[in-house]
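Asks: Here it is, the structure in full.
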Amino acid sequence: MSTVVDTVVNTVRNTLVDAVAPVRQAIRWGVRHGFVRRTLGKRREAGDVTARLVLDADYVADPFPAYATVRAMGRLVDNGVVLNTAHHDLATAILRSPDFGVVGGPSGRAPAFLRLAVAAGGRGPHGPVEPPSMLATDPPDHTRYRKLVARAFSAKAVAGLRSRTEEIATELLDAMAAKGPSADVIEDYASLLPATVIAEMLGAPVEMRRQFLHWGEGAALSLDAGLSFAQFRRSERDLAALQNWMENHLDHLRRNPGDNILSALVHAHADEGKLTEDELINIAMLLLAAGFETTVNLIGNGVGLLTAHPDQLAALRAEPQLWPRAVDEILRYDSPVQRTGRIAQRDTEAAGERFRAGQFVVLLLGGANRDPAVFPDPDRFDVTRANAGDHLAFSSGPHFCLGAALARMEGEVGLRALFDRFPDLALAGPPRRRPTRVLRGYASMPVRLSPATVSS
């Protein structure tokens, strides 16, 4: 009899959970995105350019004139929801200031009604925009997380990965040549190169790299504000699938440890006080997705720029030593990460501007990277630009990109190998941009390969 009762109770409980889950998801969307869409929608109707940058699809293709407009409007532009800046010096000062953080301090907390709404919505799958993600935590937790993985991304470690990255590039280019004379440079190369490198670094199965890329697309959506409900559902679905896979993979590594970052993190979790289970899962997910997401965009944006500027590609062929600087110019001119945000943790000042505790500032990195006060003739793509490395594509301060050295190396190796192998590579049709606003890159880019190389 008790078995029957237990079965009935479990069935009722599962039914209630299944019934409540969509409601909680709708609440999460409403609090995190619906409110933003409604508020900024009114501002967009009034012609607010910062609102249009968030909501209008037309601005995905070319946001840079809008950034210039925001910069001309002032050092800080208030759209009624957040402050915005496209000034390089101000963005840099905020990113480096200990008085700003990625989460609200005691004086910067959300209003009580909003906190209650978040609680009612419950927690969704682990994602990059909520603690304990490294992207969404401040010191001391953020410092603790970075120390556990920083060694794997050091300059020495990245230098040791260069020859293997070159081998992977050659393997992918061989496969493209075999399929020629046409290819999609994003699907066949720009995505697979960093996905293979990070999978090997983490001890993840390389044969799952396309699945990782698919889940990464959903994770990338979660970085944007004002998602539609359909986009939000897709993002949570992909994050939940990645989380489920990662939990199983970490269990596998507990039984079969290897010489890789994730095995080291599993060991850190076993040491009391170093990592909680939530921290372990979130860091592992972030390392995997962030390990390829921005680099896919860097390589794809670089191909787009160099095919559109043959004079710059000719300069690189004449002086190959310029390739590292060219990668920085690509990062400056068409940043894979276009924006980020910070909250003033207390009343403070940055670069001569005053901020009240709790004020949220959107830093338009793509606009700061074209600030004429720092980069002369900023809308000109120039692989010889002396100060190209002053860009903010990797952020700055405590949250400077952990994988910056790896991304630069992969970008240099990947782009140079591609154009060395296919010197006459050209677009075979219009490329298609990804719909995301924080991350900027291409979803597809059809190309024609060098006929002589393909036929040889």
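The values are calculated or read from the model by the stated rules, or taken from the named source; none is laboratory data. None of these values were measured; they are calculated from a predicted model. Reconstructed Cβ throughout: ideal geometry from the backbone, glycine too, with neighbour counts over all protein chains shown.
Asks: From the residues in region 91-106 that are aliphatic (A, V, I, L, M) and farther than 12 Å from Thr340 by Cβ, which one is modelled with the lowest pLDDT?
Replies: Restricting to residues being aliphatic (A, V, I, L, M) and farther than 12 Å from Thr340 by Cβ, the top hit is Val103.
Asks: Here are some residues: Pro435, Pro398, Pro430. Which one is within 19 Å of the chain's Cα centre (by Cα), part of a loop (DSSP other than H, G, I, E, B) and either without any contact (Cβ under 8 Å) to a residue 24 or more places away in the chain or surrounded by fewer than 18 Cβ atoms within 10 Å (Cβ to Cβ) (or both)?
Replies: Step by step, each of Pro435, Pro398, Pro430 is checked, and only Pro435 is within 19 Å of the chain's Cα centre (by Cα), part of a loop (DSSP other than H, G, I, E, B) and either without any contact (Cβ under 8 Å) to a residue 24 or more places away in the chain or surrounded by fewer than 18 Cβ atoms within 10 Å (Cβ to Cβ) (or both).
Asks: Just to verify a result, which residue in region 223-273, among those that are hydroxyl-bearing (Ser, Thr, Tyr) and within 21 Å of the chain's Cα centre (by Cα), is surrounded by the fewest Cβ atoms within 10 Å (Cβ to Cβ)?
Replies: It comes out as Ser228.
Asks: I would also like to ask the following. Among Ala72, Ala51, Ala91, Ala68, which is part of a helix (DSSP H, G or I) and surrounded by fewer than 16 Cβ atoms within 10 Å (Cβ to Cβ)?
Replies: Ala72
Asks: Within region 120-130, take every residue that is touching a residue at least 60 places away in the same chain (Cβ under 8 Å) and more than 13 Å from the chain's Cα centre (by Cα) and give me the one that is nearest to Ile27 (Cα to Cα).
Replies: For region 120-130, the residue satisfying everything is Gly121.
Asks: Under the condition of being in contact with a helix residue (DSSP H, G or I) (Cβ under 7 Å, 6 or more places away or on another chain) and of a type in the set (S, T, N, Q), which residue from region 178-198 is surrounded by the most Cβ atoms within 10 Å (Cβ to Cβ)?
Replies: So the residue we want is Ser191.
Asks: A further question on this structure: Of the numbered conditions (1) assigned to a helix (DSSP H, G or I); (2) touching a Leu at 6+ places or on another chain (Cβ under 9 Å), Ala230 fails exactly one; give the number of that condition.
Replies: Among (1) assigned to a helix (DSSP H, G or I); (2) touching a Leu at 6+ places or on another chain (Cβ under 9 Å), Ala230 violates only (2).
Asks: Can you spot a residue in region 178-201 that is in contact with a strand residue (DSSP E or B) (Cβ under 6 Å, 6 or more places away or on another chain), part of a helix (DSSP H, G or I) and touching a residue at least 24 places away in the same chain (Cβ under 8 Å)?
Replies: yes
Asks: So for region 419-427 (the condition being surrounded by 15 or more Cβ atoms within 10 Å (Cβ to Cβ), assigned to a helix (DSSP H, G or I) and either in contact with a helix residue (DSSP H, G or I) (Cβ under 7 Å, 6 or more places away or on another chain) or hydrophobic (A, V, I, L, M, F, W, C) (or both)), does at least one residue qualify?
Replies: yes
Asks: Looking only at residues in region 18-36 that are surrounded by fewer than 19 Cβ atoms within 10 Å (Cβ to Cβ) and not small (Gly, Ala, Ser), which one is farthest from Gly226 (Cα to Cα)?
Replies: If we take residues in region 18-36 being surrounded by fewer than 19 Cβ atoms within 10 Å (Cβ to Cβ) and not small (Gly, Ala, Ser), then Asp18 is farthest from Gly226 (Cα to Cα).
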